[in-house]
Protein chains: 2
Amino acid sequence: MPAKDESAAAASGAAGPRTKAPKSEQTRALILETAMRLFQERGYDKTTMRAIAAEAGVSVGNAYYYFEGKEFLIQGFYDRMTREHALDARERMAGRTDFSERLSIALESWVDCAAPYHEFAAQFFRTAADPNSALSPFSNESHPARATAVQLFREVLDGSDLGPKIDPELDELLPDLLWLHLMVVVLYWVFDRTDDTERTRAFVQRCAPFVAKIVTLSRYRVFRPLVRDAVDMIRDFVLPTIGKTAASRPATARTPSAPAGPDAGKPGKTTRRLRRG
Amino acid sequence: MPAKDESAAAASGAAGPRTKAPKSEQTRALILETAMRLFQERGYDKTTMRAIAAEAGVSVGNAYYYFEGKEFLIQGFYDRMTREHALDARERMAGRTDFSERLSIALESWVDCAAPYHEFAAQFFRTAADPNSALSPFSNESHPARATAVQLFREVLDGSDLGPKIDPELDELLPDLLWLHLMVVVLYWVFDRTDDTERTRAFVQRCAPFVAKIVTLSRYRVFRPLVRDAVDMIRDFVLPTIGKTAASRPATARTPSAPAGPDAGKPGKTTRRLRRG
DNA sequence: ACCTCTTTTTGAACGTGTTCAAGATGGGAT
DNA sequence: ATCCCATCTTGAACACGTTCAAAAAGAGGT
């Protein structure tokens, strides 16, 4: 049983090595770096595991010792790009306070950061679309990349001037919703075949004001019931799937909070007082 | 150059065989049927091309003569399921006139029809998620399965009693939008790990009234600007990607907020008074 | 019958991702 | 030093999707 799972290794052995052997970590990094370089040079499909191993000066079996499979090498890309994006977006947003503008900048920043990888993004995407894969952006909450992205969107909101006036329940959900919006943009981007993904850029420019408008309008009385419904639905059906909230599998089970309340049998803890008809 | 593309073969040779050789079509069908049977029995990954060929009593090369690759065998499944769904949904909707109910039935019918394939839907989905693949539901408009599904949703609308009162522009888009909604349900379903995909079923039950509410509310004055924006955006950015509308590359144009004329530089015929029956 | 050309069929061979039994390495404990 | 054990490394071997040159089977025409 090799110690592939470092978090487990770090948590289990109390008397064990506090920092995992730097030697092995070095090999791991070497393989990952080599893989990423070759991916960028030749594309994902054209880069064989044998080539990666050879280029890194290790055996092919060794690569599999550190990475469960070829697709796991992609994670490095994903993580790196997400970090770059967060940094770049923060920098570009600095000083701006208009929500629509900030959102637009954040999304455009993503398109820019992702641009170098667009060519083999398809392969990438294909792997991420597999629910069984650990790479799926929806699967494991632990995915650090998602946390980074959600955090960025929280900052997009916090830095803008529509602060306390909007529905607190919606406000709580918004960072995740904006991340979801980013996922839609990603989907659009992956399928975008125009030069420099101009189409996606235009899409983003149109989306941002629209989203801002929705958020702004959500304050008004007329929209409240609709917003309520949407918020409830997202809380019950979307967030749990992403791994948010303690209730991670409430579908057939009972409600996690409010034992025998009005929504017994309902998927999530809806709202305490929901005037349902 | 073998005649893999039967539509071309049928259209080109004026003096050629009006019906393509039934012999070869028989082999093709045999391979497809065998593949579908094995996929259902063992799952997609576990079913090897060698096994399909052996079970069908042909050589492996022969399978590749009729199908460009393994993934192309999936298309058979996709098409069949879509047809089944359309039939089943129509039957179940018969007599109902409430839009929300009809939509709910149509979606639930899909979940039921897709249930037998849920196990290997992941692999399926993974393939469909590849923009390069001919299987992608977004790629080629010609995809007959999508046409069937969109047509079904048109019937969902036509059979319901909210007919002429809703915004005609929205009405025109709705079938495609509902299909898009189905795609979201599919996404949800693929990732759903609950027993009998109970969670997806609950999701659908909640979505349908919500969608109906939106459609209903879209009539009121307050919502008009929002609906307008949404309709425009969808027409400009979503439908062209699906292959709808002649204007398929409007992205790089100018700012959308009407500088010169009402629709100057707009890709589609955006705002126009359509009085549809 | 014989030749000619297209359509269909074959199966060995290639390149790939992945596995695995076996070996090498290194650091403590005796 | 010697042994022990976990960690790391190896490369041959496996199974799979896919390709391809060549053979077989038809389909006309003479």
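Read the figures in this text as sums done on the coordinates, not as results from a lab. Since we're looking at a predicted model, the values are computed, not measured. Reconstructed Cβ throughout: ideal geometry from the backbone, glycine too, with neighbour counts over all protein chains shown.
Brief remarks on what is shown
- Rounded FRET efficiency, nearest 0.05, which uses the C-beta distance separating B:M49 from A:R50 and R0 of 22 Å: 0.45
- Across identical copies of the chain, B:V222 has label-point separations of 0.6 nm, listed in ascending order, with the point defined 7 angstrom from Cα along Cα→Cβ.
- Calculated label separations, B:L30, copies of the chain, 7 Å along the beta-carbon direction, nm: 5.5
- Other-copy label distances relative to B:N62, 7 angstrom Cα-Cβ extension, nm: 4.8
- Counts of other chain beta carbons within 10 angstrom of each beta carbon in peptide A:196-206 average 4.
- Per principal axis, descending, Cα span of segment B:23-133 in whole Å: 53, 30, 26
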